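Report on the structure given below.
The values are calculated or read from the model by the stated rules, or taken from the named source; none is laboratory data. Quick caveat, the model's predicted, so the values are computed rather than measured. Glycine also receives a Cβ, built like all others from the backbone with ideal geometry; neighbour counts cover every protein chain displayed. Side chains are part of the model used for accessible areas, which takes the heavy atoms of the whole protein and leaves out ligands, DNA and RNA. Shrake-Rupley method; radii C 1.70, N 1.55, O 1.52, S 1.80 Å.
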Amino acid sequence: MLVWGLSGVVVLGQAGVAGWLLRRGIASRWARGGVGGILLLIGAAACLALPSAPAGAATVALLVIGFGLTGAMGSVAVTTVAELAPAHRRGGALGLMNAVVTTAGLIAPTLIGRLVDSQGSAGYQHAVLITGALLLIGGTAAITLIDPSRDARLLSE
């Protein structure tokens, strides 16, 4: 419940911050990719710190932060694709992006189930570390690779 609550706040807050930055002339690269990437990197740090955290409130806080900030990626992906895709192709582009992204929801339960089946409770720890590593990759990619103005120029050529 806390994870979903934080994720909802993150998605709405991120949209507000990105809009505020865009209205002040900040490039979409930083308003969307930078803000979303930083949120993902914070989530990655929380997930990677979780296995070494003492049991109790710290564990709960790191778990909520680590998984709650993952909602940032959906917002980054949707707004970036919507910004780049021409109006007549936007629906298809968003549908394709959503199909690719939600594939993780099909794969992750099987992988985590196999980790837990083969490693017991250590499988959960490894799942959190894998999540942290993926968030680290995603956050780094968002910060370094998202550049809608550059991509729009390349697509128009």
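The slack between THR102 and ARG150, meaning 0.36 nm per residue of separation minus the straight C-alpha distance, is 14.6 nm.
Please go through the stretch 10-66 and write out the trypsin sites (Lys or Arg not before Pro) that DSSP classes as loop and that have at most 15 other C-beta atoms within 10 Å. Before the final figure, lay out the partial values.
Values: sites: ARG23, ARG24, ARG29, ARG32; in loops: ARG24.
Answer in residue order: ARG24.
Remark on ASP147: its backbone amide H falls under 5 Å from none of the residues 5 or more positions apart or on other chains, H modelled at 1.01 Å from N.
P(r) tail for the stretch 28-157: Cα pairs beyond 19 Å make up 57% of the total.
Which value, in debye to the nearest 20, gives the size of the charge dipole of the chain about its Cα centre, when Lys and Arg are +1 and Asp and Glu are -1 at the Cβ? Can you show the working numbers first?
On the way: 9 positive and 5 negative charges, 77 e Å.
Here the chain has a charge dipole of around 380 debye.
Here the accessible area is traced with a 1.4 Å probe on the protein chains. For the chain, carbon and sulfur cover 73 percent of it.
Its relative contact order, with pairs defined as Cα atoms under 8 Å and 6+ residues apart, puts the chain at 36 percent. So what's the angle, to the nearest 10 degrees on a 0 to 90 scale, between helix 35-49 and the longest Cα principal axis of the chain? Approximately 10 degrees, to the nearest 10.
Inter-label distance, ARG90 to GLU157: 2.6 nm, where each label sits 7 Å from its Cα along the C-beta direction. Taking the longest Cα principal axis of the chain as reference, the axis of helix 90-119 is set at about 10 degrees. The heavy atoms of TRP30 present about 130 square angstrom of accessible area, all protein chains included, probe 1.4 Å. For ILE42 and HIS126, the FRET efficiency from 1/(1 + (r/R0)^6), where r spans their Cβ atoms and R0 equals 25 Å, is about 0.75. Taking the C-alpha atoms only, the angle from helix 71-84 to the longest principal axis of the chain is near 20 degrees.
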